[in-house]
Structure formats: structure tokens, C-alpha cells
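The values are calculated or read from the model by the stated rules, or taken from the named source; none is laboratory data. Predicted, not measured: the structure shown is a model, and the values here were computed from it. Quick reminder, even Gly has a Cβ in these numbers, built from the backbone with ideal geometry, and neighbours come from all protein chains shown. The area values use the complete protein model at the heavy-atom level, side chains included, leaving out ligands, DNA and RNA. Shrake-Rupley method; radii C 1.70, N 1.55, O 1.52, S 1.80 Å.
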Amino acid sequence: MKYYLENIDTVLSKTESSREGLSPEEAERRLLQNGRNKLKEGKKDSLIVRFFKQLADPMIIILLVAALISGVLAFIENESFTDVIIILAVVLFNAVLGVYQESKAEKAIEALQEMAAATSKVIRGGKLVHIKSEELVVGDIVVLEAGDAVPADGRLIENASLKIEEAALTGESVPVNKFIDIINLKESSKEVPLGDRANMVYMGSTVVYGRGVAVITATGMETEMGKIADALVQAEEGQTPLQRKLSQLSKMLTWLVLGICVIIFGVQLVRAGGISFDVIMDSFMVAVSLAVAAIPEGLAAVVTVVLSMGVSNMSKRNAIIRKLTAVETLGCAQIICSDKTGTLTQNKMTVVDSFCENDELLASAMSLCSDAELNSDGTVEGEPTEAALVEWAKKIGVSKIELKEKMPRSGEAPFDSGRKMMSSVHPADGKFIQYTKGAPDVVIALCTHYLKDGKAVPMTEEYREEILRANKGFADRALRVLACGTRKWDAEPSSYEPESLEHDLCFIGLAAMIDPVRPEVKVAIEKCRSAGIRPIMITGDHVDTAVAIAKELGILEGEARAITGSELNEMSDEEFQKEFMNISVYARVQPEHKTRIVTAWKKAGYITAMTGDGVNDAPSIKAADIGVGMGITGTDVTKNVADMVLTDDNFATIVGAVEEGRRIYDNIRKSIQFLLGSNISEVISIFVATLCGFTILHPVHLLWINLVTDSFPALALGVEKAEPGIMERKPRSAKDGVFAGGLGVDVAYQGIMVSALVLISYFIGNMMGGADHGITMAFLTMSMAEIFHSFNMRSQRKSIFSLGHGNKVLVIAAVGSLLATTLVCEVPFLASAFGFVGVSIVEYAIAAGLGICVIPIVEIVKFFQRKFAK
């Protein structure tokens with residue numbers, strides 16, 4: 001029901017109420033019928049459910065099956081359960097890490113509930129009573145005064161200069177002047193934006209001035225705030241690009257393992273000449289080895305730890321990450337949809353220009369003719385527009401505290417939206433002086449004189465035109481303009497009625513103000529553009545203001561255009577899909593518009609970030625690939641659904657976060673390349689050995705390599721510094737797979753290279769001392785090849801000898817892995833547990849020499865790759 005288009009009597013009739021309010025009995029009946037004025041909570045998974053969801057990954061299932069097979073075989077053959085214990089420990093560790101997730105929707109709903117008013121003043125049965133806000137029902141008559149939080153949505157039926165702060169809902173920084181008249185729907189519009197429904201009040205907003213009475217038209221989830229809460233519950237979070245890539249990798253490895261197992265089973269069958277228990281057992285043992293070899297058990301832990309290190313670095317740069325996997329998402333962001341108020345601007349109205357003969361006189365008059373107050377500590381309290389005037393006066397050396405002492409207010413004609421102005425009268429030099437401030441068109445029309453050289457002279461048409469030109473110039477810059485006039489009285493006015501005071505004024509001047517841009521934002525947006533990121537402004541503010549700010553910041557350029565929420569409403573999904581890439585500014589939007597915009601970019605395949613601070617931003621922040629909330633001015637609702645919170649509310653911090661995100665993703669790719677190369681070499685080695693009829697490595701050996709030898713260097717790669725020019729390249733495409741940019745080819749040839757070195761080592765060991773020596777040497781070569789190969793991974797294409805910086809952590813990790821590998825082979829009780837035999841110095845040197853060969857081989861390949869790339 002569009003109550004803002006109906007007169008008061010119609011609204012009262014349709015809500016079955018009256019100015020005396022509902023009877024207590026009727027209110028109780030409606031409460032039982034329609035429920036409490038509360039926001040519903042989203043469903044919440046238990047800890048156990050979250051844990052088991054972690055186990056649903058195909059790679060984890062394969063490992064669990066491998067553990068089961070290994071356990072059954074160990075039980076049948078009365079052998080050690082070491083393999084089973086290690087595999088299950090790995091699975092448990094990864095699952096526990098994965099359970100670390102935020103229940104963002106639930107926290108957001110709780111914050112929304114806290115924003116709602118606790119108690120309300122209601123007229124019931126003709127009497128004013130105080131009740132819990134959750135007991136409000138449709139038809140209740142609510143009394144609103146300055147400082148009250150609006151408890152539910154309602155239609156105003158009485159108004160006395162009521163101003164309501166709706167920034168959290170609409171994004172508009174200036175409080176809305178309310179009225180009780182019907183809103184006339186423009187012929188060109190089919191809908192009145194939320195911010196323009198001046199005869200309505202909404203849950204979650206705050207009364208900053210005046211008084212009003214409203215009939216409640218919606219409670220609980222039916223309110224505009226309720227729609228936001230519902231959108232939060234329904235919004236699909238989706239997977240981050242990295243999660244999607246790792247999920248694809250998981251499926252690919254699963255099919256690889258199953259495919260090779262089928263081939264091995266077929267080969268064993270042909271060899272044995274038929275199915276037998278031994279063939280099945282041998283096939284199962286090979287399957288376990290392959291499962292362990294193909295699956296990078298340490299990958300999940302490595303990725304988590306690398307992301308955690310990134311989180312720590314970002315927190316030092318004023319960006320708090322609430323979700324680990326969100327770190328890399330910002331690094332590949334292609335679109336940043338930003339709210340204007342409080343994000344690109346300071347959310348503080350500021351006087352930036354004026355038209356007058358004397359700034360000090362104009363500032364004094366504006367300051368006195370306002371209800372904002374200057375505190376002793378220098379802070380200003382009051383409605384934002386008036387606070388800006390008092391702040392301006394303070395900046396030019398005029399203290400309102402001193403002004404009030406000299407010229408206390410003796411009377412006033414308060415502001416109301418009908419007159420669009422207010423007047424105040426003050427004693428001065430034994431007489432009285434009146435100051436009137438308000439909308440320029442109204443005040444200028446009442447001026448019969450103007451100040452020239454400090455004296456009042458009759459207004460001329462030429463000077464009036466000059467004033468109007470100045471006013472238009474300010475308006476063209478999207479500045480909010482107030483005019484001020486004065487009138488002298490020999491004695492205190494006998495009446496303070498507006499019609500007695502507001503005529504025959506002397507024009508003093510115009511003050512122009514705006515919510516100014518953050519000074520660092522323009523540079524940040526330039527950096528975003530150089531990094532291939534497109535900024536989009538989405539605001540609840542007026543289109544003229546939005547366009548002015550967007551042009552100043554460089555958001556609106558070239559062919560890009562600006563549209564309003566009403567125009568967006570009139571576009572079908574098909575029309576919007578054709579047009580949205582040409583639109584850089586959206587003004588006068590509602591919450592559902594923001595989500596629609598974010599969704600359009602996401603559907604087109606762009607990684608989209610959304611920044612904001614108000615409640616109205618929450619659904620779109622949750623729907624985006626990465627939501628960025630503001631830590632200082634941001635509401636709890638927004639912070640709780642955001643993936644990242646900026647502690648300094650600085651848009652420029654996002655640029656630093658983008659750079660860190662790119663560095664982290666690069667390093668994760670290095671770790672993935674390193675770990676997968678190792679897995680490929682293990683799979684090829686096991687596959688070749690099985691086809692040739694010998695055992696090269698056992699499952700426990702592979703687990704040691706995957707979890708100990710490989711994991712520490714892989715973690716060390718995570719602290720690698722950013723490569724030069726990281727912020728001058730375009731964002732990677734969301735469609736790029738894990739193996740994009742030649743990484744797949746690198747993994748393949750490097751895996752084959754290590755496999756060849758390991759097989760050579762095995763055959764040498766086998767010739768020198770038998771199969772056990774061959775297995776031990778194969779293990780040493782594979783471990784050492786991986787340790788030395790980790791240095792190759794510092795750059796995908798550059799020579800490790802040309803990098804201008806070192807990685808001390810990698811050196812320490814490599815030495816640690818080398819020592820651990822040597823100890824497990826040489827310490828008797830460890831060697832016995834792993835099935836190794838002691839090797840001679842010559843055998844050890846051969847194994848190590850083969851391992852170190854990976855560095856010159858990869859350097860040669862990189863040299864030709866760079867040459868071909870040119």
C-alpha cells in the first residue's frame with residue numbers, strides 16, 4: 001500500500017484507526033494476529049553441520065576412502081595403522097580450519113534489532129502511554145520528538161518542523177524535512193524513491209528536530225528495514241574466485257585418481273590373467289598410494305595460513321578481514337561499487353563558498369539564526385546543515401558561545417517546511433536585530449534592501465539578478481545554498497509570528513555547502529583506474545550532487561552517464577543488461593537497486609566489490625564478491641555482513657588492500673604450482689613403478705613429503721614480496737582457471753622432470769644395494785628436489801638470480817626441511833618406522849646431486865620462455 005499517495009483520512013481508514021489511537025483490546029488482538037514488531041532471524045547451521053560440510057569435498061572423501069581401505073588392509077594383514085592415523089589427522093586438521101567461518105546474516109539481524117527503538121510513546125484509547133516498541137501494531141498512533149528512534153514505518157498525520165535523519169536507509173547525509181501533505185506523483189515517474197517520501201517515517205531512522213505524530217502502517221518484517229533484513233537472509237554469498245578454482249582443482253584431481261586407479265586395476269588384471277584376492281588387494285594398495293600422491297594434503301592448510309598472514313598485513317594497513325578467502329578476492333576486483341555518503345565524502349556538511357559583502361557578518365547571522373550549538377570543547381552539535389554554519393563561523397573566528405552571550409535569542413519563528421525558513425530576534429546596542437535564513441528563492445523575494453559598504457541600500461533588479469546568478473552557480477556545482485537577511489527593530493517585536501517578522505528584509509548573503517569529498521579519494525580512484533578497476537558510485541543522494549562529486553573525483557568520464565533509481569525501476573532486466581556498463585553513477589537509489597546493480601556486474605562475469613556504511617548498503621555488500629564496510633561511521637549491520645572493514649573509513653585504504661590481495665594471490669599460485677608439481681611427480685613415479693612391477697614409495701613416505709618436506713617451503717613462498725608493477729596490470733579474469741598464464745604447462749613439465757630424477761635415483765640405489773636402497777634414495781631425491789625447487793617458485797618467469805630481494809623465511813624453511821628429511825632417513829628408530837635403510841655417503845651425495853639439478857633445468861626453461869614471450 002502506497003500510503004504516501006493517500007490523504008490522512010484515507011490512511012486512518014485503511015489502517016482502521018483514528019487520531020485517538022487503538023483501544024488496548026484491539027491493539028492486543030492485532031498483536032496476536034500479526035506478530036510482534038521484530039525482525040526475524042536467519043537460520044543458523046550448528047557446529048556439527050558446519051564440520052560435516054567441510055568433509056563433503058571430493059578430495060576429502062577420496063582421502064577418507066583411502067584411510068578406510070588402508071585400515072581394512074592393515075587389520076587383515078596385522079600391520080601398523082600409521083597410514084590411517086596420519087590420513088585421518090590431516091582430514092581432521094583441514095576440517096577444523098574450514099569451520100572457521102562467520103555467521104554474518106545472524107549477526108546482521110541482531111544489529112538491526114538493536115537499532116530499533118526500545119520503547120515508544122503511543123496514543124491508545126485517547127491516552128499517551130509508553131510501551132515496548134516490539135508491541136506496536138499497524139494502526140497505532142505514535143508520538144515522535146527530537147532524539148527518538150522511529151520504531152516502525154508510519155504515515156505522518158501531524159508535523160511541527162519535523163526533521164528526520166535517514167542516512168542509514170537512504171544514504172542522504174542531510175536530514176529530511178517532513179510534511180503531512182499528499183505526495184504528487186510525477187507523470188514521468190511510476191515510483192517515489194524512499195528518500196523523497198517526506199510524509200512517511202521509517203524504522204531505523206532518527207528524529208533530529210521538531211515533533212510529529214504518525215499512524216503506523218507497517219511493523220516487523222513488513223517495514224523497509226524488515227525488507228533489508230529479509231534481503232540479508234536471502235542473499236546468496238557464493239564462492240570467492242579462489243574457492244571456485246580450488247573446488248575445480250579438487251574435482252579434477254578426484255577424477256585423475258579414479259582414472260589412474262582404473263588403468264592400474266586393468267593392468268594388474270591382465271598381468272594376473274583374472275580376478276583374485278591378491279589382485280584386488282594389490283590394486284587397493286596402489287589406489288591408496290595414488291590417492292595420497294595425487295591429493296595435496298597440505299594445500300588447504302597452506303592456503304589458509306598464507307591468507308592469515310595476509311590478514312595480519314592488511315590489519316596493519318587499516319583493513320580488517322572478516323573472512324579469510326576474501327583476501328584474494330579484492331586483489332582481482334574489477335568493479336568497486338561505492339556508496340557516496342561517508343565513503344567517498346566525509347559525511348559532514350561543510351560551507352565551501354559564499355556570496356556576500358562581509359563573510360564575518362554572514363557567518364555571525366547564520367550562526368545565531370540556527371539551533372546548532374558550539375560546545376566548550378570546540379565540537380558542534382545539531383542538525384548537519386546548521387552545524388556546518390556554526391562550524392564555518394568558528395573557522396573564521398566567530399564563536400557562537402560569545403555571540404550568544406552578547407546577543408541572546410529573545411524570540412523566534414521556528415523553521416517549517418512550508419515557509420522554508422526560520423527567523424530569530426536578538427538584542428543589540430539597546431535595540432533588536434532579526435536574522436532570517438532559509439531557501440534562497442524565498443528569502444531573496446522578501447528582501448527590499450541589500451548591504452553595500454556596510455549600509456542598507458534599496459534592492460535593485462541588477463543586484464537581484466547578480467544574487468540569482470551566484471545562486472545558480474552554486475546550484476550548478478551541486479552545492480546546498482542558504483540565504484540570509486536581516487531586519488532592525490527599535491523595540492522587541494510585539495509578535496513573533498512569521499507574517500509579522502518575515503518581510504522588508506535586508507539581504508546579507510548566500511552560504512553554499514556540500515558534503516565534501518575525502519581529500520585522499522581522488523588519488524585512490526586514479527590508482528584504481530591504473531590498476532584496471534572501474535569505480536561506480538551508488539547513492540541515495542540527489543542526482544545533481546552525485547554527478548558533481550563523481551566528476552570531481554573522476555568517476556564520471558567520457559561516455560559514462562548517471563541515472564536515478566526511478567529510471568532504473570522503469571528498465572526491464574533486458575534493457576538494464578544492455579545499458580549497465582555505460583552507467584557510472586546511480587542516484588536516489590533504494591536498497592534493492594544496489595543489489596540489482598551489483599548482481600548485474602557479477603552476472604556479466606566481473607569480480608565486484610561493494611563499499612558502504614549505512615544499513616541500506618548491507619544487502620548489496622553481502623551480495624557482492626567482496627563487501628567492504630566502514631569501521632568508524634559504518635553501522636553494525638554493515639560491518640557484520642562485510643568481508644572487510646576499513647578501520648579508518650578511508651576509500652584509499654582499499655587501494656592498499658587491492659595491492660596486498662594481488663600479492664597474496666600471486667603467492668598462493670606459487671604455492672599451488674609448487675605443491676601440484678610435487679603431486680604430479682609422485683603420481684607419475686607411482687604409476688611408472690606400478691606398470692614396471694616395483695614399489696618406489698609407500699603411502700607414509702608420500703604423506704611425509706606432502707606434509708613436512710613441501711608444506712614449510714610452500715608457506716615460506718606466502719611471504720614473498722610483491723613483484724614490480726603489480727598495480728599497473730589489469731585484474732585477472734574471474735574465468736581464469738588455476739592453471740592460467742602457462743602455470744599448467746609449468747606444473748606438468750616440472751612434475752615430469754622431478755619424476756625422471758626420482759626414477760633415476762631409484763634405479764641407481766637398486767643397483768648399488770637393492771630395492772630398499774632404491775626406495776630410500778628415491779625418497780631423498782624427491783624430498784631434496786622439492787626443497788631446491790621451492791626457490792624456482794619465487795617467480796614464474798624471472799630468473800631467481802635476478803630477483804632484487806631475498807626471502808629469508810624460505811631459506812630457513814628449506815634448511816629445516818632438509819634436516820628433517822635427513823633425520824628421518826638416518827636416525828635408526830625413525831628410519832625403521834618409515835621402512836628406510838641406511839645409505840652411504842656416496843648414495844646420499846648422488847640423491848642430493850640429482851635433487852639440485854632442478855634449479856639449472858628450470859632456469860634454462862625460463863630463459864627460453866622469456867625469449868619466446870618477447
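Key figures
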item	result
Residue check for GLU579: closer than 22 Å to LYS603 by Cα, open to solvent by 10 Å² or more (accessible area, probe 1.4 Å) and either among the aromatic types (Phe, Trp, Tyr) or in contact (Cβ under 8 Å) with a residue 60 or more places away in the chain (or both)	no
Yes/no for ALA531 being touching a strand residue (DSSP E or B) at 6+ places or on another chain (Cβ under 6 Å) and surrounded by 15 or more Cβ atoms within 10 Å (Cβ to Cβ)	no
Residue check for VAL839: of a type in the set (A, V, I, L, M) and assigned to a loop (DSSP other than H, G, I, E, B)	yes
Listing of strands (runs of 3 or more DSSP E) fully contained in the range 407-501 that carry 3 or more residues being open to solvent by 60 Å² or more (accessible area, probe 1.4 Å) and over 27 Å from LYS163 (Cα atoms)	455-458
PHE712 being touching a Pro at 6+ places or on another chain (Cβ under 9 Å), closer than 24 Å to LEU823 by Cα and either part of a helix (DSSP H, G or I) or not charged (D, E, K, R) (or both)	no
Those residues of the range 199-209 which are under 9 Å from ILE164 (Cβ atoms) and either part of a loop (DSSP other than H, G, I, E, B) or open to solvent by 10 Å² or more (accessible area, probe 1.4 Å) (or both), in sequence order	TYR202, SER205, THR206, VAL208, TYR209
Residues of the range 141-157 that turn out to be of a type in the set (Asp, Glu), open to solvent by 10 Å² or more (accessible area, probe 1.4 Å) and part of a strand (DSSP E or B), as a count	1
Qualifying residues in the range 823-850 (those that are without any contact (Cβ under 8 Å) to a residue 24 or more places away in the chain and under 29 Å from GLU720 (Cα atoms)) - the one least open to solvent (accessible area, probe 1.4 Å)	GLY849
Yes/no for GLU386 being out of contact with any helix residue (DSSP H, G or I) (no Cβ under 6 Å at 6 or more places or on another chain), free of Cβ contacts under 8 Å to residues at least 60 places away in the same chain and within 17 Å of LEU362 (Cα to Cα)	yes
Helices (runs of 4 or more DSSP H) wholly inside the range 527-630 that include at least 1 residues being at pLDDT 90 or above	543-553, 565-570, 573-579, 591-603
Failed criterion for GLY378 (all others in (1) surrounded by fewer than 23 Cβ atoms within 10 Å (Cβ to Cβ); (2) not in a loop (DSSP other than H, G, I, E, B) hold)	(2)
Cβ pairs under 6 Å, 6+ apart, first in the range 440-460 and in contact (Cβ under 8 Å) with a residue 24 or more places away in the chain, second surrounded by fewer than 12 Cβ atoms within 10 Å (Cβ to Cβ) and among the small types (Gly, Ala, Ser)	none
Test: residue in the range 350-357 that is farther than 15 Å from ALA512 by Cα and part of a loop (DSSP other than H, G, I, E, B)	no
Some residue of the range 644-653 being over 30 Å from MET225 (Cβ atoms) and touching a helix residue (DSSP H, G or I) at 6+ places or on another chain (Cβ under 9 Å)	yes
Residue match in the range 830-849 (condition: modelled with pLDDT of 90 or more, of a type in the set (D, E, K, R) and out of contact with any Lys or Arg (no Cβ under 8 Å at 6 or more places or on another chain))	yes
Residue tally, condition in contact with a helix residue (DSSP H, G or I) (Cβ under 8 Å, 6 or more places away or on another chain) and assigned to a loop (DSSP other than H, G, I, E, B), over the range 502-524	3
Members of the range 312-329 that are over 21 Å from SER733 (Cβ atoms) and either open to solvent by 30 Å² or more (accessible area, probe 1.4 Å) or at pLDDT below 75 (or both)	SER312, ASN313, SER315, LYS316, ARG317, ASN318, ILE320, ARG322, LYS323, LEU324
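Conditions (1) open to solvent by 20 Å² or more (accessible area, probe 1.4 Å); (2) assigned to a helix (DSSP H, G or I); (3) touching a residue at least 60 places away in the same chain (Cβ under 8 Å), marked per residue:
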position	(1), (2), (3)
GLU660	no, yes, yes
TYR665	no, yes, yes
ARG669	yes, yes, yes
LEU676	no, yes, yes
ASN679	no, yes, yes
LEU691	yes, yes, yes
LEU697	no, no, yes
ALA716	no, yes, yes
